[in-house]
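Trainee: One structure is given below, represented as structure tokens, and several questions about it will come after.
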Amino acid sequence: MNVIDTIKRPHQKYGRAWVEKTRKAVGADLMGVLAVSPQSHPDFLYGVQAFMPGAKAAIILAGEMGSETINLIKPPAKYAGKVKTGGLLSPHVVQVTAELDQSAYQLAKLLKQEGFRTLALPSRGLPFRPGQMKAALSYCHIAEAAGMGTVGTHSFLITPEFGTRVRLTCVLTEAPLPTTVRVDPVDDCTHCLDCVKICPVGAITSPGPGRRSVVDGMKCKMYRDMVDNCGLCQKVCSYSTHHSEITDGPLVAKANFPGMPAVSYDQVDQP
């Protein structure tokens, strides 16, 4: 269950019940909404204006990546002639991405049928900002603002439901959807720096004051393209997966973090 909530709007057409019902209808594992306003973050407004100037909300859809596939990831020294991570991780990512994009297109179709202009953006291959190694919209940061989780030191979104094992996509719409917010806001990243330590090319460094993540995207991309599809920082994220490279424990994220009450939309939507 996606642990998100909205401001008390029990009778609102596009409130909590609509979000959960729509998430199930389009087949997404998680769904969050960030409303667009003049007070929104400049980077967010830049991306929205670039793709749909009249958009009133950005909807983030998430698809779960299988722990069975992530469990196969090992540091290069541990392969010892075995099949590398990319042998199964790459096609798995392709499959999850395809399913997620299909969910986005279905959501866009539903909103268009209700009379709202809507644009489904791709899960992979979003255009960069001119002259920058930076996507026009950061799905992770939109998802964080929509209460879906926390962006960790590795720059991945950490969710209560699946840890880092998610792919994201975004739908921009002129529908007046309210922002979804976390029931119990917490920092899902423990800042243990395990991801910094395990990166084989040192692409992740410890962030300084005022910064949460410092990732050299070029180093990361070159390693994944030339050596292996990697995924080590996703797997070693201990708080989100309860996995440890030292103990080689199971990669299973709990439904909710300790101390966070389970909340269903059916429960909170009662007048």
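Trainee: Once you list every other residue whose beta carbon is under 11 Å from the beta carbon of Glu144, what net charge do they have if Lys and Arg are +1 and Asp and Glu are -1?
Mentor: Here the charged neighbours net out to 0.
Trainee: Taking 0.36 nm per residue of sequence separation and subtracting the Cα-Cα distance, how much length would be gained by fully extending the chain between Val201 and Glu68, in nm to one decimal?
Mentor: Gain on extension, Val201 to Glu68, equals 45.4 nm.
Trainee: Please work out the FRET efficiency for the pair Gln49 and Lys219, using the Cβ-Cβ distance as r and a Förster radius of 35 Å; give the result to the nearest 0.05.
Mentor: 0.70
Trainee: List, in the order given, every pair from Lys56/Lys219; Lys74/Lys219; Lys74/Lys221; Lys197/Lys221; Lys74/Lys109 whose Cα-Cα distance in the structure shown is over 29 Å.
Mentor: Distance filter (> 29 Å) returns Lys56/Lys219; Lys74/Lys109.
Trainee: Give me the net charge for the shell around Ala55: Cβ to Cβ below 10 angstrom, other residues only, Lys and Arg +1, Asp and Glu -1.
Mentor: +1
Trainee: Something else now. Go through segment 14-19 residue by residue and turn each phi into a ³J(HN,Hα) via Karplus (6.51, -1.76, 1.60, θ = phi - 60°); whole Hz please, and just put x for glycine and proline.
Mentor: Along segment 14-19, the couplings run 10, x, 4, 5, 5, 4 Hz.
Trainee: When each pair of different Cα atoms in segment 14-54 is counted once in the 1/r mean, what is the Kirkwood radius in angstroms, to one decimal?
Mentor: 11.9
Read-outs throughout are calculated quantities, based only on the coordinates presented, and are distinct from any laboratory measurement. This is a predicted model, so every value here is computed, not measured. Because the Cβ atoms are built from the backbone with ideal geometry, glycine has one as well, and the counts that use them run over all protein chains shown.
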